[in-house]
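To keep things clear, I will list the structure first and then write my remarks on it.
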DNA sequence: CGAAATGTTTATGA
DNA sequence: CTCATAAACATTTC
């Protein structure tokens with residue numbers, strides 16, 4: 001659920017309900033610091049996503065929902081797990097579980113820059129390249145998870161992008177040929193849209209080339225290791241993915 | 001049943 | 001004070 005494309009799917013599902021600007025008739029849930037009175041009878045102006053954040057926008061504030069690792073939601077359905085936030089409208093309800101809810105004051109545009117959102121129309125690849133050049137020592141397996149550069153990219157996207165561009169996860173940005181830096185940025189967005197398409201078709205895991213795999217498409221063995229300062233599981237092919245400088 | 005997993009924040013210590 | 005590391009949180013799947 002938690003990577004950027006999955007949040008876009010949630011947003012699209014809600015748009016498909018054609019709610020318009022629904023009034024909140026009921027608020028439930030255990031989210032801490034949740035001011036239920038503030039939400040009651042307010043009208044939702046818009047549903048947005050930014051990276052892994054799902055945003056419910058009101059006139060003067062925005063609810064931010066972050067699903068972390070285990071978060072889920074149900075639309076017009078519910079389950080036994082403790083409800084974190086439930087919103088009921090005239091004919092529909094949205095239920096969010098195991099997520100973090102925050103209230104952002106003021107206009108949502110003051111809080112987010114959509115140039116960094118890997119799924120947004122406003123995505124700015126040149127800005128991403130510029131930020132990468134400012135961190136020459138950083139490892140490629142870490143920068144892909146940096147939400148200030150690639151908001152929405154998670155561990156699956158990280159691993160698949162690096163295999164697609166045949167770059168070893170332990171390369172430093174400064175050691176990559178400029179064409180590979182460009183390819184990194186381009187594929188981060190490309191793969192995210194493939195992720196979106198495959199996730200909608202329910203075929204995402206069938207398309208994994210390295211993530212959670214034993215061998216790569218060329219039948220080489222996959223290495224699985226916790227790498228970088230993020231210490232996330234990294235799956236890569238030592239034969240297909242090049243390490244440009246060793247030290 | 002134990003382990004691991006699409007993630008981030010907070011606490012702790014050097 | 002800042003950085004690196006550890007711990008914390010919560011649920012489903014294999």
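Taking the condition under 16 Å from the mean Cα position of the chain (by Cα), outside any loop (DSSP other than H, G, I, E, B) and surrounded by 20 or more Cβ atoms within 10 Å (Cβ to Cβ), does residue A:54 pass? Answer is yes for this residue. One residue stands out among those in segment A:199-247 that are over 23 Å from residue A:180 (Cα atoms) and away from DNA strand C (no atom under 16 Å from the Cβ): the one that is surrounded by the fewest Cβ atoms within 10 Å (Cβ to Cβ), which is A:219. Checked against (1) in contact (Cβ under 8 Å) with a residue 12 or more places away in the chain; (2) touching a helix residue (DSSP H, G or I) at 6+ places or on another chain (Cβ under 7 Å), residue A:223 passes all but condition (2). Among the candidates A:28, A:134, which residue alone is within 16 Å of DNA strand C (Cβ to nearest atom) and not assigned by TED's automatic domain parsing to the domain that holds residue A:10? Matching residue, one of A:28, A:134: A:134. For segment A:165-181, does any single residue satisfy the condition of being free of Cβ contacts under 8 Å to residues at least 40 places away in the same chain, closer than 30 Å to residue A:58 by Cβ and surrounded by fewer than 19 Cβ atoms within 10 Å (Cβ to Cβ)? Scanning segment A:165-181, I find no residue that is free of Cβ contacts under 8 Å to residues at least 40 places away in the same chain, closer than 30 Å to residue A:58 by Cβ and surrounded by fewer than 19 Cβ atoms within 10 Å (Cβ to Cβ), so the answer is no.
Residues that are farther than 16 Å from residue A:8 by Cβ and more than 16 Å from DNA strand C (Cβ to nearest atom) within segment A:33-56 comprise A:35, A:36, A:37, A:38, A:39, A:40, A:41, A:42, A:43, A:44, A:45, listed in sequence order. Summed over segment A:57-75, residues that are part of a loop (DSSP other than H, G, I, E, B) and either within 15 Å of DNA strand C (Cβ to nearest atom) or touching a strand residue (DSSP E or B) at 6+ places or on another chain (Cβ under 7 Å) (or both) total 5.
Can you tell me how many residues within segment A:173-187 are within 17 Å of residue A:135 (Cβ to Cβ) and outside any loop (DSSP other than H, G, I, E, B)? Residues that pass the stated criteria total 9.
Looking at A:145, A:170, just one residue is under 15 Å from residue A:242 (Cβ atoms) and either out of contact with any helix residue (DSSP H, G or I) (no Cβ under 8 Å at 6 or more places or on another chain) or assigned to a loop (DSSP other than H, G, I, E, B) (or both), and that residue is A:170.
Of A:41, A:78, all but one fail to be part of a loop (DSSP other than H, G, I, E, B) and modelled with pLDDT of 95 or more; the exception is A:41. Yes or no: segment A:199-218 includes at least one residue that is in contact (Cβ under 8 Å) with a residue 60 or more places away in the chain, touching a strand residue (DSSP E or B) at 6+ places or on another chain (Cβ under 6 Å), more than 21 Å from residue A:1 (Cβ to Cβ) and outside the structural domain of residue A:59 (by TED's automatic domain parsing). No, segment A:199-218 has no match at all.
The values are calculated or read from the model by the stated rules, or taken from the named source; none is laboratory data. Everything quoted here is computed from the prediction, not taken from an experiment. Cβ atoms come from the backbone with ideal geometry, glycine included; neighbour counts cover every protein chain shown.
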